[in-house]
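What follows is a single structure, written as structure tokens, with notes after it.
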Amino acid sequence: QVQLVESGGGLVQAGGSLRLSCTASIRTFSNYAMGWFRQAPGKEREFVATIDWSGGTTYYADSVKGRFTISRDNAKNTVYLQIKSLKPEDTAVYYCAVAVSSRYSVSAHEYMYWGQGTQVTVSS
């Protein structure tokens, strides 16, 4: 059974930074694109960032472009989300997910495994 474990969330002041990590217990991690999504209270889950199998191609939601950076270490089965210049509107539960293929995707429907989420709270 594939498990994804996120870490790195917490309470931070606006303007601060965090680095989220997600480690997947999947044998062929490097075969799959990875993504980060988030869900704020009372809102639907939304796409944040995605990275292809090699780490060579990334894509971001407009709301986080320039502030968030997704990266991966295939040797460690881990994907990261570096977050800078945090805003109160970034407050959400952040989820990582394994895509169904090596190509990145912005659609939650194209992800087959999901982590349990890590809470990020930004105070103003």
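The values are calculated or read from the model by the stated rules, or taken from the named source; none is laboratory data. Being a predicted model, the structure only gives us computed values, none of them experimental. Cβ sites come from the backbone with ideal geometry, for glycine too, and all protein chains shown count toward neighbours. Please note that ligands, DNA and RNA were not included when accessible areas were found on the heavy atoms of the full protein model with its side chains. Shrake-Rupley method; radii C 1.70, N 1.55, O 1.52, S 1.80 Å.
Given +1 at the Cβ of Lys and Arg, -1 at the Cβ of Asp and Glu and no other charges, the dipole of segment 1-104 around its Cα centre is 140 debye to the nearest 20. Spin-label model, Q82/V106: points 7 Å from Cα along the beta carbon direction are separated by 2.3 nm.
At an R0 of 30 angstrom, the distance between the Cβ atoms of S54 and L11 translates into a FRET efficiency of 0.30. Among the protein heavy atoms of the chain, carbon and sulfur supply 46% of the accessible surface, probe 1.4 Å, non-protein parts ignored.
Only protein heavy atoms count here; under a 1.4 Å probe, I70 has an accessible surface of about 10 Å². Which FRET efficiency, nearest 0.05, do S124 and E44 yield, Cβ-Cβ r, R0 30 Å? Computed FRET efficiency for S124 and E44: 0.80. Calculated accessible area for the chain comes out at 52 Å² per residue, all protein chains present (probe 1.4 Å; ligands, DNA, RNA ignored).
With a cut-off of 17 Å on the backbone N, the residues of segment 61-102 near the modelled label site 7 Å out from S25 along Cα-Cβ are 76-79, 96-98.
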